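Report on one structure; see the data block that follows.
The values are calculated or read from the model by the stated rules, or taken from the named source; none is laboratory data. Bear in mind the structure is a predicted one, so any value in this text is a computation, not a measurement. No Cβ is skipped: glycine too gets one built from the backbone with ideal geometry, and neighbour counts run over all protein chains shown. Each accessible area value is taken on the protein alone, full model and side chains, heavy atoms only, with ligands, DNA and RNA left out. Shrake-Rupley method; radii C 1.70, N 1.55, O 1.52, S 1.80 Å.
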Amino acid sequence: MAWGKQGKLISALAALALVLSACAGGGAGEGAEPAPEETGGQATPPAAEEPAEEPALPEVELVWYYLESSPQSDLKSVQDAVNEYIKPKLNATVQLKPIPGGDYDQKMNTMLAANEAFDLMFTANWRFNYNDNAKKGAFMEIDDLLKEHGTGILASLPEFVWDDVRYEGKLYAVPNYQIAARAEGFSVQKRFADKYGLDPSEIKTYRDMEPFFEQIKQNEPGIVPFGINGDFNSMRSYGYGGSGAISFKLEDGKAKVVNRYATPEYEAHVRMAREWFEKGYINADAATLKNKADIEKTGVFASTFDYTMKPGGEANAKAGNGGHEVIYVPLVGTEYTGVQAALTAISRTSKNPERAMMFLNLVNTDPVLYNLLSFGIEGKHYDKVGDNTIAPKADGGYNPGMNWVMGDVTIGYLLEGQPADTWERTRTANETAEKSILYGFKFDSEAVKSESANIKAVEDEFRKVLETGSVDPDRYLPQFLDKLEKAGMSKLVEEQQKQVDAWLAANGQ
């Protein structure tokens with residue numbers, strides 16, 4: 001109750017008390033004014049002053065850059081609906097700025113180099129690298145912002161996820177909470193698996209898929225047996241850990257760091273890819289295709305490779321395969337790999353970091369806002385087919401198929417075909433999956449900064465063409481290895497081995 005109203009009520013009660021007192025034969029006669037001393041020296045007590053209201057938040061516009069699989073023709077109506085929803089809550093609006101994955105790193109680097117003001121951005125351990133860019137100062141440190149404006153996020157996520165995000169003890173991004181326990185293998189359209197008798201239990205290696213590919217090639221005109229765009233090499237399938245140029249293999253309880261590209265397994269892999277490419281199993285534009293999703297959604301890829309195989313992921317894959325159901329064919333079991341695969345950071349150039357954090361807090365805790373961003377508008381972009389299940393409209397103009405880019409997937413809708421317990425299974429998998437011996441290790445590249453940059457440039461030149469089978473490995477793999485060595489690969493391996501040994505010793509390994 002406001003203080004002014006409270007004061008008036010006190011006055012009214014005091015006057016009523018005096019009237020009742022007079023009626024009972026009290027000190028003042030009927031209708032007489034009370035003496036000053038009867039009310040503390042005043043005829044009526046004064047009303048307390050209304051406290052000054054806190055100043056309203058000034059109106060701001062936020063700018064958010066994130067990945068997209070393909071352009072969404074009706075993005076504007078979604079943005080308008082989002083802004084209509086958040087304006088009364090935050091006195092803010094947001095510009096949604098999706099960028100194709102192949103252009104994302106360059107775009108972000110260019111904007112930050114130019115000190116262009118924007119607020120939010122996607123980052124990960126595989127796209128616009130989180131640790132590297134935290135070190136460069138691309139992101140704002142958010143520990144205090146979380147405590148003040150992100151309490152909903154802090155309360156909703158298990159404590160262990162923050163261990164994945166801390167860089168040198170500080171936080172620079174919010175996890176888009178999703179599956180963090182990953183398997184990997186082939187995603188195959190069910191219509192073709194059924195037609196040609198593909199049994200997932202019989203597929204143990206990459207090579208085991210070859211008879212299926214050959215059947216598709218011979219019998220399905222216009223269908224690509226195996227659709228990729230340069231993302232086809234995982235050393236986990238060959239018993240290695242790590243990522244990027246560096247891999248490790250456990251030997252006698254020790255983690256031996258190696259140049260992945262110089263291993264016999266890598267050579268065998270690129271030779272296999274070359275065979276598949278020459279036989280027509282792999283799409284001819286695999287090395288240059290930027291947005292695989294644009295082609296995949298037409299249903300022409302009989303199979304692709306999936307690096308996550310998340311619970312209920314087949315429904316997402318169905319939506320991305322032109323509405324054709326898919327099955328998973330796992331090659332590698334589940335391992336906890338952390339939450340760095342999808343994060344949202346506040347740019348160091350943001351002029352409104354507090355409001356950006358308020359917005360992030362809402363995105364990750366408010367299902368209405370999260371579902372708007374992820375799936376669009378009910379009746380226009382999707383229909384509800386259950387209490388918490390939707391079916392996207394194929395021609396609705398908004399179906400990004402990338403809810404993990406937006407925020408915490410576990411507060412969102414399920415897609416038709418996803419089991420009702422998908423989010424429960426997701427949380428359980430994250431909490432119970434085994435961790436690598438080097439889980440938690442973060443490489444400090446400062447001592448080999450120039451070597452790392454040079455190696456990245458060499459990788460960009462050779463990896464895609466080799467791993468898609470687009471070029472002859474007899475000719476190009478020796479060139480690749482030679483240029484890597486000249487770029488400083490031996491020094492990088494040596495430095496990482498030193499840090500790995502020290503980290504394992506410090507952690508009782």
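Annotation note: of Asp143, Asp163, Asp103, the sole residue that is within 20 Å of Leu360 (Cβ to Cβ), surrounded by fewer than 17 Cβ atoms within 10 Å (Cβ to Cβ) and at pLDDT below 95 is Asp163. Of the residues Ala356, Ala287, the single one that is in contact (Cβ under 8 Å) with a residue 40 or more places away in the chain, crowded, with 20+ Cβ neighbours inside 10 Å and not in a helix (DSSP H, G or I) is Ala287.
Could you please let me know if Asp306 is closer than 30 Å to Pro58 by Cα, under 22 Å from the mean Cα position of the chain (by Cα) and among the acidic types (Asp, Glu)? It is false that Asp306 is closer than 30 Å to Pro58 by Cα, under 22 Å from the mean Cα position of the chain (by Cα) and among the acidic types (Asp, Glu).
All conditions but one from (1) aliphatic (A, V, I, L, M); (2) surrounded by fewer than 21 Cβ atoms within 10 Å (Cβ to Cβ); (3) part of a helix (DSSP H, G or I); (4) in contact (Cβ under 8 Å) with a residue 24 or more places away in the chain apply to Ile437; the one that does not is (3). Only one entry of Leu466, Leu504, Leu477 meets the criterion of being of a type outside the set (Phe, Trp, Tyr), touching a Leu at 6+ places or on another chain (Cβ under 9 Å) and modelled with pLDDT under 95, and that entry is Leu504.
Do we find that Tyr398 is under 21 Å from Glu68 (Cβ atoms), of a type in the set (Phe, Trp, Tyr) and either touching a Ser or Thr at 6+ places or on another chain (Cβ under 7 Å) or open to solvent by 20 Å² or more (accessible area, probe 1.4 Å) (or both) in this structure?
Considered against the rule, which asks whether it is under 21 Å from Glu68 (Cβ atoms), of a type in the set (Phe, Trp, Tyr) and either touching a Ser or Thr at 6+ places or on another chain (Cβ under 7 Å) or open to solvent by 20 Å² or more (accessible area, probe 1.4 Å) (or both), Tyr398 comes out as no.
In the stretch 368-388, the qualifying residues are those that are in a helix (DSSP H, G or I) and in contact with a Phe, Trp or Tyr (Cβ under 8 Å, 6 or more places away or on another chain), and the one that is surrounded by the most Cβ atoms within 10 Å (Cβ to Cβ) is Ser374. The set of residues from the stretch 405-418 being modelled with pLDDT of 95 or more and either open to solvent by 50 Å² or more (accessible area, probe 1.4 Å) or of a type in the set (Phe, Trp, Tyr) (or both) comprises just one member, Tyr413. Taking the stretch 83-110 as the range and being more than 18 Å from Ala173 (Cα to Cα) and without any contact (Cβ under 8 Å) to a residue 24 or more places away in the chain as the test, the residues that pass are Asn83, Glu84, Lys87, Pro88, Gln106, Thr110.
The residue list Glu431, Glu424 contains one member that is free of Cβ contacts under 8 Å to residues at least 24 places away in the same chain, open to solvent by 30 Å² or more (accessible area, probe 1.4 Å) and not in a loop (DSSP other than H, G, I, E, B), which is Glu424. Could you list all residues from the stretch 401-421 that are part of a loop (DSSP other than H, G, I, E, B) and over 14 Å from Ile390 (Cα atoms)? The answer is Met402, Met406, Gly407, Asp408, Asp421.
Answer yes if at least one residue in the stretch 389-396 is part of a loop (DSSP other than H, G, I, E, B), touching a residue at least 40 places away in the same chain (Cβ under 8 Å) and under 26 Å from the mean Cα position of the chain (by Cα), and no otherwise. Checked the stretch 389-396: at least one residue is part of a loop (DSSP other than H, G, I, E, B), touching a residue at least 40 places away in the same chain (Cβ under 8 Å) and under 26 Å from the mean Cα position of the chain (by Cα).
Only one of (1) part of a loop (DSSP other than H, G, I, E, B); (2) of a type in the set (Val, Ile, Thr); (3) touching an Asp or Glu at 6+ places or on another chain (Cβ under 7 Å) is not met by Val448, so which one is it? For Val448, the failing item is (1). Can you find, within the stretch 231-260, the residue that is most open to solvent (accessible area, probe 1.4 Å) among those that are touching a helix residue (DSSP H, G or I) at 6+ places or on another chain (Cβ under 6 Å) and not small (Gly, Ala, Ser)? Ranking the qualifying residues of the stretch 231-260, first place goes to Tyr238.
Just to be sure, is Met402 within 26 Å of Asn125 (Cα to Cα) and at pLDDT below 95?
For Met402, the condition - within 26 Å of Asn125 (Cα to Cα) and at pLDDT below 95 - is met.
Within the stretch 128-140, does at least one residue satisfy the condition of being surrounded by 16 or more Cβ atoms within 10 Å (Cβ to Cβ) and among the basic types (Lys, Arg)?
The answer is yes; a qualifying residue exists.
The set of residues from the stretch 451-509 being within 30 Å of Gly440 (Cβ to Cβ), over 30 Å from the mean Cα position of the chain (by Cα) and not in a helix (DSSP H, G or I) comprises Gly488, Gly508, Gln509. Looking at the stretch 341-352, which of the residues that are modelled with pLDDT of 95 or more and in a loop (DSSP other than H, G, I, E, B) is nearest to Asp306 (Cα to Cα)? Filtering first and then ranking leaves Ala342.
Among the residues of the stretch 137-184, those that are within 17 Å of the chain's Cα centre (by Cα) and in a helix (DSSP H, G or I) comprise Ile153, Leu154, Ser156, Phe160, Val161, Trp162, Asp163, Asp164, Val165.
Annotation: His269 fulfils all but one of (1) modelled with pLDDT of 90 or more; (2) open to solvent by less than 50 Å² (accessible area, probe 1.4 Å); (3) out of contact with any helix residue (DSSP H, G or I) (no Cβ under 8 Å at 6 or more places or on another chain); the unmet one is (3).
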